[in-house]
Amino acid sequence: IPGGTYVDAAKAKALYDKGALFVDARVAQEYAEKHIKGAVNVVYKETHKKVSKLDPADSFDLAKLPADKAKSMVFYCNGSPCWRGYKGAAATIKAGYKNVHWFRDGMPAWEAAGHPTE
């Protein structure tokens, strides 16, 4: 991801243990069912699903993210082929955030590794 870092489940857990903010870009219903423990839900509303391209008609509420643009953040969704986490991370990088990570494998990989959820 240009301007950010791709992370796998092990790297995501290391960032989690260091206090990174996890951002769940899925819809509210999915977040309510189960999410990474402590994650915040900032839904990426996409115009075109199943593609990585950002669309000007998409929406993502950057105001829900920390004011500190150096804060370590990990974006995720439901793993491949879910692109909401990628798009949220890309929008955040475009807004000037400097420590952005994309956890492509998302919830499926996190759960498979037995990491904390709520």
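What do you reckon, is Y86 in contact with a helix residue (DSSP H, G or I) (Cβ under 6 Å, 6 or more places away or on another chain), surrounded by 22 or more Cβ atoms within 10 Å (Cβ to Cβ) and either of a type in the set (S, T, Y) or modelled with pLDDT under 95 (or both)?
No; evaluated as a whole, the condition is false for this residue.
Scan the range 1-29 for residues that are open to solvent by 50 Å² or more (accessible area, probe 1.4 Å), touching a helix residue (DSSP H, G or I) at 6+ places or on another chain (Cβ under 8 Å) and among the small types (G, A, S) and report the count.
Matching residues across the range 1-29 total 1.
Going residue by residue through the range 105-113, is there one that turns out to be within 20 Å of D8 (Cα to Cα), at pLDDT below 95, assigned to a loop (DSSP other than H, G, I, E, B) and open to solvent by 20 Å² or more (accessible area, probe 1.4 Å)? Spell out how you get there, then give the answer.
Looking only at the range 105-113, we keep the residues that are within 20 Å of D8 (Cα to Cα), and these are 105-113.
Filter once more, so that each one left must be at pLDDT below 95: none.
No, every residue in the range 105-113 fails to be within 20 Å of D8 (Cα to Cα), at pLDDT below 95, assigned to a loop (DSSP other than H, G, I, E, B) and open to solvent by 20 Å² or more (accessible area, probe 1.4 Å).
Which of the residues that make up the range 74-97 are under 15 Å from F22 (Cα atoms), part of a loop (DSSP other than H, G, I, E, B) and in contact (Cβ under 8 Å) with a residue 40 or more places away in the chain?
C77, N78
Is it true that K98 is more than 20 Å from A32 (Cα to Cα), modelled with pLDDT under 90 and either more than 11 Å from the chain's Cα centre (by Cα) or open to solvent by 40 Å² or more (accessible area, probe 1.4 Å) (or both)? Reasoning before the result, please.
Details: more than 20 Å from A32 (Cα to Cα): yes; modelled with pLDDT under 90: no; either more than 11 Å from the chain's Cα centre (by Cα) or open to solvent by 40 Å² or more (accessible area, probe 1.4 Å) (or both): yes.
No: the conditions fail for K98.
Residues being in a helix (DSSP H, G or I), within 12 Å of the chain's Cα centre (by Cα) and either modelled with pLDDT under 95 or among the acidic types (D, E) (or both): count how many of those fall in the range 3-60.
0
Could you give every pair whose Cβ atoms fall below 6 Å, whose first residue belongs to the range 45-73 and is touching a residue at least 40 places away in the same chain (Cβ under 8 Å) and closer than 14 Å to A89 by Cα, and whose second residue is open to solvent by 50 Å² or more (accessible area, probe 1.4 Å) and part of a loop (DSSP other than H, G, I, E, B), counting only separations of at least 6 or pairs across chains?
S72/N99
The values are calculated or read from the model by the stated rules, or taken from the named source; none is laboratory data. Computed from a prediction, not measured in an experiment: that's the story for all the values here. Note that we place each Cβ from the backbone using ideal geometry, even for glycine, and neighbour counts take in every protein chain shown. When the accessible area is computed, the model is the full protein with side chains, heavy atoms only, and any ligands, DNA or RNA have been set aside. Shrake-Rupley method; radii C 1.70, N 1.55, O 1.52, S 1.80 Å.
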